[in-house]
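Engineer: Structure provided below as structure tokens; questions to follow.
The values are calculated or read from the model by the stated rules, or taken from the named source; none is laboratory data. Because the structure is predicted, anything quoted here is derived from the model rather than measured. Note: ideal-geometry Cβ built from the backbone for every residue, glycine included; neighbour counts use all protein chains shown.
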Amino acid sequence: MRTIYFITGNKGKLKEAKSMLSKINVNVIQNNLGYPEIQADSLEDVASFGAKYIQKKIDSTFILEDAGLFIENLNGFPGVYSAYVFYTIGCNGILKLLDRVDTDIRIARFKSVLTYVEPDKKPRFLIGECHGKISKLEMGNQGFGYDPIFIPNGKTKTFAQMDTKEKNRNSHRGKSFKKLLRLLKDK
Ligand code: IMP
């Protein structure tokens, strides 16, 4: 069985990653080392900085993952600031902001940048996106972060109303990890 370290402090992400990677017999071990999330214009830049930072510290294969919620009516906000905005105003703050925008259209997308790094190799970036909308109310109590307010296209429930497997079948992270499964299968 192969082992991959997942550099994250987020138990929700860890659970989703374990569920995906167990399919190909990869053991995911959480590593809480952490890395500076630089202020940048794109998730790819944040990921790239993090990957180089961690590569200097550990000599094993690892992954890290940076995600963001991009809301069309808010010109892509919170985007790369998703963590800070969640910490400060949370789901409720986002709903209040959207209530002030004079429209019923609440189009949004989640993006996941999954970074896979082997010792002494260049990082590989695997991207997954999920298109959907922001709900009117918070719904559900599973998952984490903005899950209670995000409804993926083709569904009537939020990510927080789905179990891990169903969320993975639909989510940005499910898609980026699917790409990782393909990459690892070929190795
Ligand atoms: P980060 O990738 O950990 O920096 O995530 C940025 C912010 O988006 C954090 O507040 C997360 O809680 C939130 N977030 C990331 N992925 C998801 C997800 O799959 N569902 C809901 N919120 C998420």
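Engineer: Considering segment 49-71 alone, what residues qualify as being more than 12 Å from the chain's Cα centre (by Cα) and charged (D, E, K, R)?
Structural biologist: Listed by number, the residues that qualify are Lys52, Lys56, Lys57, Asp59.
Engineer: So which pairs qualify, if the first residue must be in segment 110-123 and within 26 Å of Asn153 (Cα to Cα), the second must be among the acidic types (Asp, Glu) and not in a strand (DSSP E or B), the Cβ gap must be under 7 Å, and the two must be at least 6 apart or on different chains?
Structural biologist: So the pair list comes out as Val113/Glu44.
Engineer: Give the number of residues within segment 1-34 that are in contact with a helix residue (DSSP H, G or I) (Cβ under 6 Å, 6 or more places away or on another chain) and modelled with pLDDT under 95.
Structural biologist: Within segment 1-34, residues that are in contact with a helix residue (DSSP H, G or I) (Cβ under 6 Å, 6 or more places away or on another chain) and modelled with pLDDT under 95 number 1.
Engineer: Now a separate question. Taking the stated definitions as given, is Leu33 of a type outside the set (Gly, Ala, Ser), under 26 Å from Arg169 (Cβ atoms) and either within 15 Å of the ligand (Cβ to nearest atom) or not in a strand (DSSP E or B) (or both)?
Structural biologist: no
Engineer: So which strands (runs of 3 or more DSSP E) stay within segment 81-187 end to end and still have 2 or more residues that are closer than 23 Å to Leu64 by Cβ and modelled with pLDDT of 95 or more?
Structural biologist: Where strands (runs of 3 or more DSSP E) fall fully within segment 81-187 and carry at least 2 residues being closer than 23 Å to Leu64 by Cβ and modelled with pLDDT of 95 or more, they are 107-117, 124-134.
Engineer: Still on this model: Collect the residues in segment 115-151 that are over 18 Å from the mean Cα position of the chain (by Cα) and either surrounded by fewer than 15 Cβ atoms within 10 Å (Cβ to Cβ) or of a type in the set (Asp, Glu) (or both), keeping them in residue-number order. Step through it out loud before you land on a result.
Structural biologist: Of the residues in segment 115-151, the ones over 18 Å from the mean Cα position of the chain (by Cα) are 118-122, 135-140.
Those that are over 18 Å from the mean Cα position of the chain (by Cα) and either surrounded by fewer than 15 Cβ atoms within 10 Å (Cβ to Cβ) or of a type in the set (Asp, Glu) (or both): Glu118, Pro119, Asp120, Lys121, Lys122, Lys136, Leu137, Glu138.
Engineer: Follow-up question, since we're still on this one. Tally time: how many residues in segment 15-30 are more than 12 Å from the ligand (Cβ to nearest atom) and charged (D, E, K, R)?
Structural biologist: So in segment 15-30, the residues more than 12 Å from the ligand (Cβ to nearest atom) come out as 18-30.
Pick out the ones that are also charged (D, E, K, R) and you get 18, 23.
Matching residues across segment 15-30 total 2.
Results for (1) in a strand (DSSP E or B); (2) in contact with a Ser or Thr (Cβ under 6 Å, 6 or more places away or on another chain); (3) within 16 Å of the ligand (Cβ to nearest atom); (4) not aromatic (Phe, Trp, Tyr), shown as yes or no for each residue.
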residue: Tyr5; (1), (2), (3), (4): yes, yes, no, no
residue: Lys13; (1), (2), (3), (4): no, no, yes, yes
residue: Asp41; (1), (2), (3), (4): no, no, yes, yes
residue: Ile58; (1), (2), (3), (4): no, no, no, yes
residue: Leu64; (1), (2), (3), (4): yes, yes, yes, yes
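Engineer: Answer with yes or no whether Gly76 is closer than 28 Å to Gly154 by Cα and either out of contact with any Gly (no Cβ under 8 Å at 6 or more places or on another chain) or assigned to a strand (DSSP E or B) (or both). Step through it out loud before you land on a result.
Structural biologist: Details: closer than 28 Å to Gly154 by Cα: yes; either out of contact with any Gly (no Cβ under 8 Å at 6 or more places or on another chain) or assigned to a strand (DSSP E or B) (or both): yes.
Answer is yes for this residue.
Engineer: Going through segment 58-90 one residue at a time, which ones are farther than 15 Å from Phe150 by Cα and of a type in the set (S, T, N, Q)?
Structural biologist: Selection gives Ser60, Thr61, Asn75, Thr88.
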